[in-house]
Amino acid sequence: MMRDILKLRLRTWLNVWVFTVTMTIGTVLACAFLVTVIYPDQLRALMGFRAILITTLITIPFAFFVGSKLRENTLLSDELVRLVNRDRLTDVATRDFFFRRMESDPNAYGVSLMVDIDHFKQVNDTHGHYAGDAVIKHVSDVLRGEVREQDILCRFGGEEFVVFLHEVSADQGLVIAERMRAAVAAAAAPVEGRAIAVTVSIGGSLKERLADINVSIQQADAALYRAKGDGRNRTVVDWLPAATEEARRS
């Protein structure tokens with residue numbers, strides 16, 4: 001908390017009061033020092049107390065006012081950052097934030113997943129674009145419930161999402177991807193009193209330390225293309241050959 005206060009980033013009223021008290025103490029100490037320097041001994045006892053009292057009475061409301069304005073500016077700045085980093089419809093990370101985050105941690109390793117809503121155009125054509133937005137929001141909520149805090153879920157574009165599972169093995173990644181797919185299929189999207197059945201196809205790839213995240217995403221996208229070609233509502237990972245995929249599903 002003190003680090004934020006020292007940086008003048010006040011987010012709570014407690015921060016404002018701590019800022020006010022800190023400013024007041026600092027100003028009073030400065031006033032007391034000036035009193036000892038400016039006033040002669042015979043006036044110091046008489047004028048010192050009055051100077052400190054007046055300084056305190058003036059500083060408290062002024063510091064509180066400044067702290068309140070700093071809090072408003074901090075919250076506004078936080079909201080602007082959130083709007084830049086979070087997708088407006090789904091409130092998951094944006095594509096730009098995803099790549100910035102991954103580029104800032106080149107040692108990150110794990111599993112990249114490309115998730116695509118099946119037959120999404122039919123949803124728009126049949127139920128309208130408002131329903132399509134509701135379906136995208138619903139799928140993002142389901143996916144969010146299946147990832148951990150250290151993972152990244154972002155809306156990659158349209159009805160596509162990217163998930164990066166930090167420090168997850170191939171076997172664990174496949175289990176999580178299948179859990180995501182099953183969770184979406186099991187929960188119809190509620191839209192204006194209707195329940196719209198939704199499924200997703202998922203493609204997965206591995207990312208090693210220092211590997212380019214773009215390569216991993218491209219490989220996951222190729223696996224997603226295979227999943228859609230194989231009939232959709234399924235998970236395909238590029239570290240398993242097609243024959244193994246068929247054996248696993250059967």
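Just checking, which of ASP125, ASP87 is of a type in the set (D, E, K, R) and under 24 Å from VAL162 (Cβ atoms)?
Values: ASP125 fails: under 24 Å from VAL162 (Cβ atoms).
It is ASP87.
Given the structure, is ALA185 among the small types (Gly, Ala, Ser), surrounded by 21 or more Cβ atoms within 10 Å (Cβ to Cβ) and not in a strand (DSSP E or B)? It would help to see each step written out before you state the result.
Working: among the small types (Gly, Ala, Ser): yes; surrounded by 21 or more Cβ atoms within 10 Å (Cβ to Cβ): no; not in a strand (DSSP E or B): yes.
Here the answer is no, as ALA185 does not meet what is asked.
Please count how many residues of the stretch 157-187 are small (Gly, Ala, Ser), over 15 Å from HIS138 (Cα atoms) and without any contact (Cβ under 8 Å) to a residue 60 or more places away in the chain. Reasoning before the result, please.
The initial filter retains those residues of the stretch 157-187 that are small (Gly, Ala, Ser), namely 157-158, 169-170, 173, 177, 182-183, 185-187.
Now drop any that are not over 15 Å from HIS138 (Cα atoms), which leaves 157, 169-170, 173, 177.
In the following step, the residues that additionally are without any contact (Cβ under 8 Å) to a residue 60 or more places away in the chain were identified as 169.
Qualifying residue count for the region: 1.
Step by step: first the residues of the stretch 188-210, then only those that are under 24 Å from the mean Cα position of the chain (by Cα) and surrounded by fewer than 17 Cβ atoms within 10 Å (Cβ to Cβ), then the one that is nearest to VAL142 (Cα to Cα). Which residue is that?
GLU208
In the stretch 12-38, which residues are of a type in the set (A, V, I, L, M) and closer than 19 Å to LEU53 by Cβ?
First pass over the stretch 12-38, keeping only residues of a type in the set (A, V, I, L, M): 14, 16, 18, 21, 23, 25, 28-30, 32, 34-35, 37-38.
Passing the criteria: VAL21, MET23, ILE25, VAL28, LEU29, ALA30, ALA32, LEU34, VAL35, VAL37, ILE38.
Does any residue of the stretch 125-146 turn out to be in a strand (DSSP E or B), within 22 Å of ALA220 (Cβ to Cβ) and touching a Leu at 6+ places or on another chain (Cβ under 7 Å)?
Filtering the stretch 125-146 down to residues in a strand (DSSP E or B) leaves none.
No, that holds for no residue.
Taking the stated definitions as given, is GLY110 touching a strand residue (DSSP E or B) at 6+ places or on another chain (Cβ under 8 Å), surrounded by 12 or more Cβ atoms within 10 Å (Cβ to Cβ) and in contact (Cβ under 8 Å) with a residue 40 or more places away in the chain? Lay out the reasoning, then the answer.
Working: touching a strand residue (DSSP E or B) at 6+ places or on another chain (Cβ under 8 Å): yes; surrounded by 12 or more Cβ atoms within 10 Å (Cβ to Cβ): yes; in contact (Cβ under 8 Å) with a residue 40 or more places away in the chain: yes.
Against the criterion (touching a strand residue (DSSP E or B) at 6+ places or on another chain (Cβ under 8 Å), surrounded by 12 or more Cβ atoms within 10 Å (Cβ to Cβ) and in contact (Cβ under 8 Å) with a residue 40 or more places away in the chain), GLY110 qualifies.
Computed from the coordinates by the stated procedures, all read-outs in this text should not be read as laboratory data. Predicted model only: the values in this text are computed from it and were never measured. Neighbour counts run over all protein chains shown; Cβ positions are idealised from the backbone, glycine included.
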